[in-house]
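Each remark here refers to the structure printed beneath this line.
The values are calculated or read from the model by the stated rules, or taken from the named source; none is laboratory data. Fair warning: this is a prediction, and the values are worked out from it, not measured in the lab. Using ideal geometry, Cβ is built from the backbone for each residue, glycine included, and neighbour counts are taken over all protein chains shown. Keep in mind that these areas ignore ligands, DNA and RNA; they rest on the heavy atoms of the full protein, side chains included. Shrake-Rupley method; radii C 1.70, N 1.55, O 1.52, S 1.80 Å.
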Amino acid sequence: MDGWDSNPFQVLTSIVAPAILTNASSVMALGTSNRFARTVDRARVLYAETTRESDPARLDHRLRQLQIAESRVLLLVRALTAFYSSVGSFAAAALISLLGAVFTMGHQNLLQQVSLYVALAAGMVGVGGLVTGTSLLVWETRRALKALTDEAAHLYDRLPSEARAMDGH
């Protein structure tokens, strides 16, 4: 690779870019872990409420809410898997890029080429994980909104008609 021989900043760039993306993936994983914990807590509360419920209408509502919480938990687990894969892939890309720089300095052209392609593949897997995880978070957020609107609709249906008229519903 002529670029690594002629430009010493090329090596730094090829190592720093995956490191920054590793940080971004880690931040996304941390935020998703928090969402996961809160959603699991919500599912546990809904389960407890469901087991104590005797009113069929309320029981049906709680079961729908529990199903939404379960689907959210599953989406968040998939998002976490994608973000964790990204962290590992970007870390691998940074290490492989460093090895590629060593191979370049040692004039090991074949190993340099192999490390370039492997680092590129690892980086692509990392980006794919970030995109996948982010897409899953968007989907999970929509499920959370569905749960909230369902909860509000259930509440408004139970309000006396006078209160609904004053509230505009």
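Which of the residues belonging to segment 103-120 are within 27 Å of S135 (Cβ to Cβ) and open to solvent by less than 20 Å² (accessible area, probe 1.4 Å)? Show your work before the answer.
Step one: list which residues in segment 103-120 are within 27 Å of S135 (Cβ to Cβ), which gives 117-120.
Matches in segment 103-120: A119 only.
Yes or no, residue by residue, for (1) of a type in the set (A, V, I, L, M); (2) at pLDDT 90 or above:
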{"position": "L76", "(1), (2)": "yes, yes"}
{"position": "S86", "(1), (2)": "no, yes"}
{"position": "A94", "(1), (2)": "yes, no"}
{"position": "A101", "(1), (2)": "yes, no"}
{"position": "T104", "(1), (2)": "no, no"}
{"position": "G133", "(1), (2)": "no, yes"}
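With the requirement that a residue be open to solvent by less than 50 Å² (accessible area, probe 1.4 Å) and under 30 Å from V114 (Cβ atoms), what does segment 42-90 give you?
A82, F83, S86, V87, G88, S89, F90
Is it fair to say G100 is over 27 Å from F36 (Cα atoms) and either open to solvent by less than 60 Å² (accessible area, probe 1.4 Å) or of a type outside the set (D, E, K, R) (or both)? Let's see the steps before the verdict.
Numbers: over 27 Å from F36 (Cα atoms): yes; either open to solvent by less than 60 Å² (accessible area, probe 1.4 Å) or of a type outside the set (D, E, K, R) (or both): yes.
Yes: the conditions hold for G100.
Please go through segment 1-49 and pick out each residue that is at pLDDT below 70 and among the small types (G, A, S).
G3, S6, S14
Just one of A79, A19 is small (G, A, S) and within 18 Å of A144 (Cβ to Cβ); which is it? Full working, then the answer.
Numbers: A19 fails: within 18 Å of A144 (Cβ to Cβ).
The conditions single out A79.
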